[in-house]
């Protein structure tokens, strides 16, 4: 929230899961900062721990140890309700499979976060329409998700993430369910929002996406392997397939 | 307030997305509430009628009524006892403490009743002039006969509303003559119409005055023939003094009459006050049984709601995850499910009220039983159904709220 200091600060964050007798470390001492207005990709293969990191960054999960500060505030000490509030006010989620409410219209979907802020219905819908206009879907407000294309659905989801004016846009494989053209459009939208000053964090396994971000953090086995300009980090030591060039 | 409104909007949207399911789920509630309201309305109607009938007997009265027998039995009885007589009435007033006065009544079987305007069938009674004091006679026209009429054997009568209608129609009745058997009687009064047509409470016959004609007792005895074997009086209505206990006084009357009638049980003693208590007990028992049945059906309705709510928690897991991700607290999710359960119960309850009112009206129309839908029976059954609904929504709501948002988001 405050302009001073980084928006995100992780210090030696670990996250363990208990699987029977075995203790699995999904995150094993992660530490990095993200400043206001940055656009960062977190890239890694499945099982690298990037989803766990996303959950922690999104205040859906808490670290087993270490510190996570969001907007200068410690998250790990927050109650469940306070984390819900933090998600509502500071974070906008964009998911791979959009996660729109199937029976609600676009404008109602976009207005959903405002419901949990106690904003009157009329104002909710007005703000939701503005948000839809921002992602270029003003004329689709009354459509239901199943009446929209994948790209339109993702735009709706982005409008939903933006409607609360969050300090952080947290995107989980945002182009994963889209064809490459549409994916490009969505990435262009992110770049536009970044240019407008939004802080955007994109979790992805696609180096091509990471390469298009000014900064990328590569995660493997729960640790940070590289952190730097997207184009450089994206194709470093690809753990599965040989590096595919864009 | 806004939160509640929003929750209701979401709940109703959810429910209207599954109209058939909603209807089926609320069916249990619906019939439960409908049955309770209908049954209670029948009970309340019966009770109100009973009260009205008892009221007519007079709670400050004790009634001694001659029993009717088959001819062969009657002869046996008459060897011991002459039946109820004026002598009994006098003895009761004299010997029983707490008795203010007693007024006799005889019943006459008329074979012919006619007037200038037409003819009718009716019961004819000869009563003492004080009869008016022991029953709640309301006269719509004219007067009741008095002591003077009685002592002079005046040929006057007071007729019931139905009798008046059939004999005179819309024409004036006062001053006109009615022929009963072979005697002519001048109409001096008309009784007010009565709504209820029922004639018995707790197995005791209580007549409606609609089809009755009253004559002075003395006139009736002189002018109209009766079967000599019959009890001289059909009934003695004993009016109690203000503080006299009804049952105890009735018991004393019973002892006295037993002696006077040589042990022949040719009469029965009716204590309206006791009937009143009896009726209240019956009503209480009825209410208890109804409450139990209602409770069971509402419980079944509640289980139905819980079942469907649990199913919808599973169904909406992803949606719950999304809502949690965008900032819904556990309490918001819980609240949403509770409001949905409440809405289900309320829909069921309201439809049930409609059904209940329908049944009550149908019963009144087709079975000719009086039904009274009381506000409290509606409030009670609705209240209980909503309580059961919210109660059975509680567990699903808590389960929904407990879902881990991460797992919920990734569920299929």
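List of remarks:
- Whole-number D in µm² s⁻¹ for the protein assembly as shown, Kirkwood Cα-pair radius fed into Stokes-Einstein, 37 °C, 0.692 mPa s: 102 µm²/s
- 0 to 90° range, to nearest 10: angle between helix B:2-17 axis and chain B longest Cα axis: 90 degrees
- Inter-chain neighbour count for A:91-102: the average number of beta-carbon atoms from partner chains within 10 Å of each residue's beta-carbon is 3.
- Anisotropy class assigned to region B:31-72 is oblate, per the alpha carbon gyration tensor with a/c at or over the 1.5 cut-off and a/b no larger than b/c.
- Kirkwood hydrodynamic radius computed over region B:56-274 comes to 18.0 Å, based on all pairs of distinct alpha carbons.
- Percent antiparallel among DSSP beta bridges (both partners in chain A, rounded to 5): 55 percent
- Between residue B:243 and residue B:68, full extension at 0.36 nm per residue minus the direct alpha carbon distance yields a gain of 59.7 nm.
- Distance from region B:79-117 to region B:256-275 (C-alpha centre basis), Å: 14 Å
- For region A:10-57 and region B:358-398, distance of Cα centres in Å: 56 Å
- Ranked by how many other beta carbons lie within 10 Å on average, peptides A:84-96, A:221-233 from highest: A:84-96, A:221-233
- Within 10 Å of the Cβ of each residue in A:48-61, the mean number of Cβ atoms contributed by other protein chains is 2.
- Helical content of the protein assembly as shown, expressed as a calculated mean residue ellipticity at 222 nm, amounts to -15500 deg cm²/dmol (DSSP H runs of 4 or more residues, -39,500 (n - 2.57) each, divided by residue number, nearest 500).
- Nearest 10 degrees, 0 to 90: helix A:80-90 Cα axis against chain A principal axis: 70 degrees
- Between residue A:184 and residue A:62, the modelled label-to-label distance comes to 4.6 nm, taking each label 7 Å out from Cα in the direction of the beta carbon.
- In percent, rounded to a whole number, the relative contact order of chain B is 31, using alpha-carbon pairs under 8 Å and six or more apart.
- Mean separation of Cα contacts under 8 Å, 6 or more apart, over the residue count of chain A: relative contact order %: 26 percent
- The C-alpha atoms of chain B define a longest principal axis, and helix B:19-57 lies at about 20 degrees to it.
- Residue-averaged beta-carbon neighbours from other chains (10 angstrom radius) around A:113-120: 5
- When chain B is treated as a Gaussian network with alpha carbon springs shorter than 10 Å, the biggest mean-square fluctuation among B:151, B:218, B:103 belongs to B:151.
- Kirkwood Rh in Å, taken over all unlike Cα pairs in chain B: 26.0 Å
- Note on region B:292-310 and region A:120-150: Cα centroid distance 40 Å, given to the nearest whole angstrom.
- Dividing the mean sequence gap of close Cα pairs (under 8 Å, 6+ apart) by how many residues region B:56-274 holds gives a relative contact order of 38 percent.
- Put simply, the C-alpha atoms of region A:56-214 give a gyration tensor, and the ellipsoid matching it has half-axes of 24, 21, 13 Å, longest first.
- Highest-first packing order for the peptide set B:298-309, A:192-203 is B:298-309, A:192-203, based on the mean count of other beta carbon atoms within 10 Å.
- For region A:46-135, the fraction of C-alpha pairs farther apart than 18 angstrom is 54 percent.
- Beta bridge orientation in region B:56-274: antiparallel %, DSSP, nearest 5: 80 percent
None of the figures in this text is laboratory data; all of them are computed from the coordinates on show. Every value quoted in this text rests on a predicted model; they were computed, and no experiment measured them. Cβ: placed from backbone, ideal geometry, glycine included. Neighbour counts: every protein chain shown.
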